Amino acid sequence: MISENATIGDILSKLDNPTEYIRRVLANMHLCRKEFGSALVRIGTTGQGVAPHYRIEPEPDLQTLAENWDAHFTAYHGRSHKRLDWGFGELEDDHWSDESLTFEQVQSLLGDLRKSKPIRMADIVAKLDRHSANK
């Protein structure tokens, strides 16, 4: 199982094809960002991390969420990257990591993957930490 507070950055070494996985996650995040102005991604915690399902949602805005709660959470299949037709039960927090990454953080991960091989996890974690500190 994946840690309850894991992000995509934490499981890079487990992913079948990290660059392609993150590229396709980012493409799906773009749709949310276009509609709501922001996008966060959380990974599913019930698998081994090879190609985890993921949930995309806008950054929390209680007024907007209260108006149409379940329309703001969309889950995607980790291998096909197609939208999963799940109900509210499957989208509950119990199935997803407590931590999320922003569109910009995922974009940065993809850039780092494309620039260098092998991946130096310490550099990616340091970059995420710097980004979080600047919020």
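Label-point separation (nm) for Glu20 and Arg83, each offset 7 Å from Cα along Cα-to-Cβ?
2.4 nm
Would you mind checking which residues have amide H under 5 Å from Leu40's amide H? H placed 1.01 Å from N; only 5 or more apart, or other chain.
For Leu40, whose amide H was placed from the backbone, the distant partners under 5 Å are Glu57, Glu59.
Spelling out what I want: for every residue of segment 73-86, take phi, set θ = phi - 60°, compute 6.51 cos²θ - 1.76 cosθ + 1.60 (Karplus), and round to whole Hz; glycine and proline get x.
Those phi angles translate into 10, 10, 9, 10, 6, x, 9, 8, 6, 8, 4, 8, 8, 9 Hz.
Per-residue HN-Hα couplings for segment 28-44, Karplus 6.51 cos²θ - 1.76 cosθ + 1.60 at θ = phi - 60°, whole Hz, x for Gly and Pro?
Going residue by residue, I get 6, 5, 4, 4, 5, 4, 5, 7, 10, x, 7, 7, 10, 10, 10, 9, x Hz, with x marking Gly and Pro.
For the pair Lys115 and Ser38, what calculated FRET efficiency results from E = 1/(1 + (r/R0)^6), where r is the Cβ-Cβ distance and R0 = 22 Å, to the nearest 0.05?
It comes out at approximately 0.30.
How large is ³J(HN,Hα), in whole Hz, for each residue of segment 105-113 in order, when computed from phi with the Karplus curve 6.51 cos²θ - 1.76 cosθ + 1.60 and θ = phi - 60°, using x for Gly and Pro?
Result, ordered by residue: 5, 5, 4, 5, 4, 4, x, 5, 5 Hz.
Between Asn5 and His95, 0.36 nm times their residue separation minus their Cα-Cα distance comes to what?
Working it through step by step, the gained length comes to 31.3 nm.
Which pairs, out of Lys14/Lys34; Lys14/Lys127; Lys82/Lys127, put more than 25 Å between their alpha-carbon atoms?
In this structure, Lys14/Lys34; Lys82/Lys127 lie more than 25 Å apart at Cα.
Report the relative contact order of segment 1-60, percent, no decimals, based on alpha-carbon pairs under 8 angstrom and at least 6 residues apart.
41 percent
Would you calculate the separation in nanometres between label points at Val50 and Lys127, each defined as 7 Å from the Cα along the Cα-to-beta-carbon direction?
2.7 nm
Throughout, read-outs are computed from the coordinates displayed, never taken from laboratory work. Only a predicted model underlies this, so the values are computations on that prediction, with no experimental measurement involved. Reconstructed Cβ throughout: ideal geometry from the backbone, glycine too, with neighbour counts over all protein chains shown.
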